[in-house]
Amino acid sequence: MKHLATLFDLTPDDVMDILETAERLKEKHFAGNPETPLSNRVATLVFEKPSLRTRLSFEAAMTHLGGSASFFTGQDAGLYGRESLPDIARVISGYSDVIVLRTFSQDLIDEFCTWSSCPVINGLSDLYHPCQALTDLFTIREAFGSLTDEKIVFVGDGNNVSASLAMLTSMLGLPMTLACPPGYELPDDFMARLNEKCPNSQFTQTNDPITAVKDASIIYTDVWASMGQEEEAEKRKKAFADFQVTTELLALAPAHCRFMHDLPAKRGLEVTDKAMDGPQSIVFQQAENRMHLAKGLLTWIVRNAH
Ligand code: CP
Ligand code: NVA
């Protein structure tokens with residue numbers, strides 16, 4: 001059974017197939033000639049954390065593709081002791097053609113995959129956010145015409161979003177740098193696995209955002225405290241004070257540089273209003289593309305389930 005628990009479940013060819021399917025479906029959507037390959041298909045979403053983009057993008061995607069989506073909180077799905085995880089996974093997958101999970105623990109997603117009889121998509125865990133990274137490369141390809149040589153400089157935390165971007169850029173041989181405060185780099189075990197899986201990875205980490213952005217085509221940021229890290233928010237605000245994306249930081253990059261953020265943004269912390277709303281920002285194109293990418297991914301994963 002094909003799952004998307006992490007991006008390493010995909011090959012580079014799979015990634016290009018998903019991006020091209022999403023591109024075709026987006027074009028047909030705006031041409032008023034939509035495809036409905038998931039007619040009568042059911043997606044079930046189980047989310048332990050809040051979501052605007054991920055939930056709505058998958059729900060809207062299923063409607064556009066001719067199917068439907070059902071949404072459950074972790075509590076309503078019975079994740080906290082009502083019944084066992086293997087039983088929940090076997091029951092939900094019996095009713096569904098695809099499942100989207102948003103969790104704290106990556107292990108929960110991995111275990112769900114073991115028991116599910118239909119594809120499982122990771123809609124964000126503490127460790128990874130693969131649908132976001134796929135959307136981001138889709139958006140970069142759209143904005144720049146191709147992916148070649150477009151360097152992403154992620155100014156922010158070594159978190160689920162930067163980890164997934166590091167994986168995807170490394171799989172495709174694209175340059176990326178994470179500029180973060182000391183102590184907020186991606187973990188050593190993650191880096192070891194990244195370099196083992198992608199020996200030609202061009203991913204680097206630095207504590208100097210000023211130098212890092214000099215050759216950036218994309219400056220990207222995300223919240224300093226992710227969901228589940230609320231108690232660390234004040235400590236992180238101090239640690240990341242020199243890592244805010246401002247128009248001054250954007251001005252250090254080449255003129256063609258674009259600004260991206262997966263959203264939700266904490267305006268005034270990781271990014272200023274002027275950077276977020278300025279001419280280099282493509283954050284709302286990026287947010288809308290979550291839906292177009294979800295359509296490509298759902299179509300691809302249901303087609304390739306077995
Ligand atoms: N970017 C993203 O995943 O947004 P949500 O948390 O609103 O789903
Ligand atoms: N890193 C953020 C991403 C939100 C989409 C979080 O996990 O809260």
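No lab work stands behind these numbers, since they all come straight from the coordinates. Keep in mind the model is a prediction, meaning the values are calculated, not measured. When we count neighbours, we look across all protein chains shown, and the Cβ atoms used for this are built from the backbone with ideal geometry, even at glycine.
What to note about this one:
- Charge dipole magnitude, Cβ of K and R +1, D and E -1 - the stretch 257-306, Cα centre, debye nearest 20: 160
- Set of lysines near K238 by C-alpha distance (under 17 Å), chain-local residues within fewer than 8 positions excluded: K266
- Taking the Kirkwood radius as Rh and the Cα radius of gyration as Rg, the stretch 112-187 has a ratio of Rg/Rh equal to 1.03.
- The stretch 41-187: C-alpha pair distances exceeding 28 Å, %: 28
- Considering only Cα atoms, the convex hull volume of the chain works out to 124 Å³ per residue.
- Per-residue Cβ neighbour rank within 10 angstrom, fewest leading, Y184, Y220, Y80: Y80, Y184, Y220
- Given K214/K274; K26/K151; K2/K26; K197/K274; K49/K151, the pairs whose alpha carbons are separated by over 28 Å: K197/K274; K49/K151
- Orientation-averaged projected area, Cα convex hull of the stretch 1-86 (nm²): 7.2
- Taking amide H positions as modeled 1.01 Å from N, with prolines and chain starts lacking one, no residue 5 or more places away or on another chain lies under 5 Å from A225.
- Compared with the dominant principal axis of the Cα atoms in the chain, helix 160-172 is inclined by about 90°.
- Sparse-neighbourhood loop sites, trypsin sites (Lys or Arg not before Pro) in the stretch 42-102 - DSSP loop, at most 13 other Cβ within 10 angstrom: R82
- Furthest towards positive pole of dipole, S70, S39, L56, structure part the stretch 25-80, Cβ charges: L56
- Neighbour counts of C-beta atoms inside 10 Å place M1, M167 in the sequence M1, M167, starting with the fewest.
- Cross-link partners of K28 among lysines, defined as those whose alpha carbon lies under 16 angstrom from its own and excluding same-chain residues fewer than eight positions apart: K295.
- Nearest-ten-degree value, helix 53-64 long axis tilted from longest Cα axis of the chain: 50
- Shown here is the pair-distance distribution of the stretch 83-153: with all Cα-Cα distances grouped in 5 Å bins from zero up to the longest one, the shares run 3, 16, 21, 17, 12, 10, 9, 7, 4, 1 percent.
- Taking amide H positions as modeled 1.01 Å from N, with prolines and chain starts lacking one, the residues under 5 Å from L4 and 5 or more places away or on another chain are V120, I121, N122.
- Between helix 106-115 and the chain there is an angle of about 30 degrees, using the helix long axis and the longest principal axis of the Cα atoms.
- When only the Cβ of Lys, Arg, Asp and Glu is charged (+1, +1, -1, -1), the dipole of the stretch 128-278 relative to its Cα centre reaches about 180 debye.
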